[in-house]
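Asker: Right, I'll just put the structure down here and ask away after.
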Amino acid sequence: MLKIDENNSSQYPIDVSIDTSYLPERSDPEQDFYVFNYTVTLRNGSELPARLLGRHWIVTNDNGDIVRAIEGRGAVGELPELEPGMEYQYSSRAILRTPLGAMQGGYQGITSHGEQFFTPIEAFRLAVPSTVN
């Protein structure tokens, strides 16, 4: 995977939205086993094509402990090329031992002109509905 220094990479207009859901049918609260689905939608808001090369995620539990750090190629193993205005969507899962947690991270990419970029993802919550007011 291409390593990109976040501090030396430009920001790029990739719009990100994330939807999460708790999967009670795959979870076992009595065993402190909670499964969450998250769907990521990425939209290229620039005038240049861009390719996603890698991603990283930090998953934390409700105590703020890092339970998993994920680095991978592209998005779920694919290297999608986003033409201007194009969207790319994928879903994945996260497993926690607590009913609350969070994820944050970002995507590494390169434009059709060879400019490397990093798109940060702000922390978003993973929560069993009954634990959130």
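The values are calculated or read from the model by the stated rules, or taken from the named source; none is laboratory data. Given the structure is predicted, the values throughout are model-derived calculations rather than measurements. Don't worry about glycine lacking a Cβ; one is built from the backbone with ideal geometry, like all the others, and counts go over all protein chains shown.
Asker: Of the conditions (1) within 22 Å of ASP19 (Cβ to Cβ); (2) in contact with a helix residue (DSSP H, G or I) (Cβ under 7 Å, 6 or more places away or on another chain), PHE118 clears all except one; give me its number.
Answerer: (1)
Asker: Out of the stretch 18-64, which residues are farther than 21 Å from GLU78 by Cβ, touching a Ser or Thr at 6+ places or on another chain (Cβ under 9 Å) and without any contact (Cβ under 8 Å) to a residue 40 or more places away in the chain?
Answerer: Across the stretch 18-64, the qualifying residues are SER21, ASP62, ASN63.
For (1) modelled with pLDDT of 95 or more; (2) over 30 Å from SER130 (Cα atoms); (3) of a type in the set (Val, Ile, Thr); (4) more than 10 Å from the chain's Cα centre (by Cα), each residue gets a yes or a no:
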| position | (1), (2), (3), (4) |
| --- | --- |
| PRO13 | no, yes, no, yes |
| ASP19 | yes, no, no, yes |
| ARG55 | no, yes, no, no |
| GLY74 | no, yes, no, yes |
| GLN89 | yes, no, no, yes |
| GLY109 | no, yes, no, yes |
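Asker: How do the strands (runs of 3 or more DSSP E) wholly within the stretch 18-133 filter down when requiring 3 or more residues that are surrounded by fewer than 15 Cβ atoms within 10 Å (Cβ to Cβ): which remain?
Answerer: By residue number, 66-73, 87-96, 116-127.
Asker: Quick one: PRO99 ticks every box in (1) farther than 19 Å from VAL16 by Cβ; (2) without any contact (Cβ under 8 Å) to a residue 12 or more places away in the chain bar one, so which box is it?
Answerer: It fails just one condition, (2).
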